[in-house]
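The values are calculated or read from the model by the stated rules, or taken from the named source; none is laboratory data. Only a predicted model underlies this, so the values are computations on that prediction, with no experimental measurement involved. Backbone-built Cβ (ideal geometry, glycine too); neighbour counts: all protein chains shown. Each accessible area value is taken on the protein alone, full model and side chains, heavy atoms only, with ligands, DNA and RNA left out. Shrake-Rupley method; radii C 1.70, N 1.55, O 1.52, S 1.80 Å.
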Amino acid sequence: GVGPSDASPDEGVVEDLPLIDEKAVEQLTEGLISHYLPDLQRSKSALQELTQNQVVLLETLEQEIAKFKECNSIVDINALFSEAKHYHNKLVNIRNEMMLLHEKTSKLKVSGINI
């Protein structure tokens, strides 16, 4: 025989569905949207503000990086100047030694010794 287990599980479901009231669906949709929309709009504006702040932060960081690069080049220039000063002092010492040697050789020539 045909028992309850032989019947299709979907049988009779279509007849059991109530008629869908489109106005009710529309009102429920509007209610759902009006419930969540303000929060979503606040989240959107908060995200936009956050994004703008990130852009400002990135620009500031780029400016700071540029300043650090400038500082490094200034340090390099300072090192170059101190090196130039060191070599200038060496040149002055060599010049003084050469003048001293010239003076000594001149005195030797005057005293009759040819070099």
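A few comments on the model shown:
- Once the C-beta distance of Asn93 and Asn72 is scaled by a Förster radius of 35 Å, the resulting FRET efficiency is 0.65 to the nearest 0.05.
- Note on Glu62 and Arg42: their simple-model spin labels are 3.4 nm apart, each label 7 Å out from Cα toward Cβ.
- Environment charge of Leu28, counting only residues whose C-beta is closer than 11 Å and scoring Lys/Arg +1, Asp/Glu -1: -3
- Distance (nanometres) between label positions extended 7 Å along Cα→Cβ at His35 and Gln52: 3.2
- The residues neighbouring Leu91, those whose beta-carbon lies less than 14 Å from its own, together hold a net charge of +1 under the Lys/Arg +1, Asp/Glu -1 convention.
- Integer Hz, Karplus 6.51/-1.76/1.60 couplings in order for segment 66-79, x for Gly and Pro: 4, 5, 4, 4, 4, 4, 4, 5, 5, 4, 4, 5, 4, 4
- Where labels lie 7 Å past Cα in the beta-carbon direction, separation of His86 and Lys104 in nm: 2.8
- Using heavy atoms of the protein chains and a probe of 1.4 Å, the accessible area assigned to Asp39 is about 80 Å².
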